[in-house]
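Values in this text are rule-based calculations from the coordinates and carry no lab data. What you are looking at is a predicted structure, and each value in this text was computed from that prediction instead of being measured. All Cβ positions, even for glycine, are placed from backbone atoms using ideal geometry, and neighbour counts span all protein chains on display.
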Amino acid sequence: MGVPIVLVHGLRLSGSMWRPQVELLRAQGRTVVALDLPGHGSRRGEDFTLGRAVDAAVDAIDSVGGRALLVGLSLGGFVSIATASAASQKVAGLVAAGCTAKPAQLLAQVYRIPAVLMDRLPDKGATLNERFHRLTLRDGAVEAVLDGGLAVEAATAVIDEVSEMDTLSALASYGGPVWLINGARDHFRIHERLFFDACADGRLVNVPRAGHMVSLDQPVNFSRIVADAADVVALRESGSPELEPGGG
């Protein structure tokens with residue numbers, strides 16, 4: 001049904017984090033794929049580079065017909081923006097969630113120091129990461145996150161790669177429809193207006209009562225936004241007049 005949807009996960013996580021969206025969207029008859037990035041999930045042990053991450057997203061798009069709505073959260077949002085810039089002909093639309101902050105500033109401040117400190121622990125911080133997710137996520141979301149494993153060892157390489165990305169230029173180079181989605185409580189919102197202004201065809205949606213993990217904090221609302229975006233993209237692909245989803 002409609003345009004296929006490809007989902008790209010966040011840092012240390014895997015495609016399993018998208019279980020609520022996969023279940024809800026497939027129940028509507030949609031084609032949905034949740035990939036694992038290099039160094040994560042089923043690909044733990046592989047070296048992460050931004051180029052390889054983009055290749056993984058392109059491969060997932062090709063697996064569902066060569067053109068799709070690309071949806072990414074946090075790291076997945078940055079990878080999705082890079083993919084839309086590098087392979088715009090394959091990205092029918094872009095949903096970038098929890099990533100409206102310039103990575104050179106935010107990743108360095110929020111993630112680099114903790115990643116270095118956790119690298120010194122015997123388990124690379126796996127126990128701390130698991131406890132954090134169990135404390136901050138609801139039960140079903142916890143299982144969705146933890147079932148794919150936590151690739152804590154990948155964090156430093158990811159931060160080094162993504163912090164060099166010129167995200168605003170990459171976003172500006174993509175001419176297709178973009179949905180920038182943030183939880184209203186998300187610290188990654190700090191540059192959302194700059195990101196919105198960079199979009200050739202953008203929408204900015206803030207989800208109430210949600211934090212950085214917006215797809216897990218508000219799984220039904222997030223899935224509805226993705227479904228609406230897929231419907232808009234499908235109408236554009238068919239040349240029919242479109243009906244935009246609500247936003248803020």
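Quick notes on this one:
- Mean Cβ count within 10 Å, highest first, over the residues of peptides 28-38, 171-181: 171-181, 28-38
- Peptides 83-91, 209-217, 185-193 ordered by average Cβ neighbours within 10 Å, highest first: 209-217, 83-91, 185-193
- A cut-off of 5 Å between modelled amide H atoms, ignoring neighbours fewer than 5 places along the same chain, links Val8 with Val71, Gly72, Leu73.
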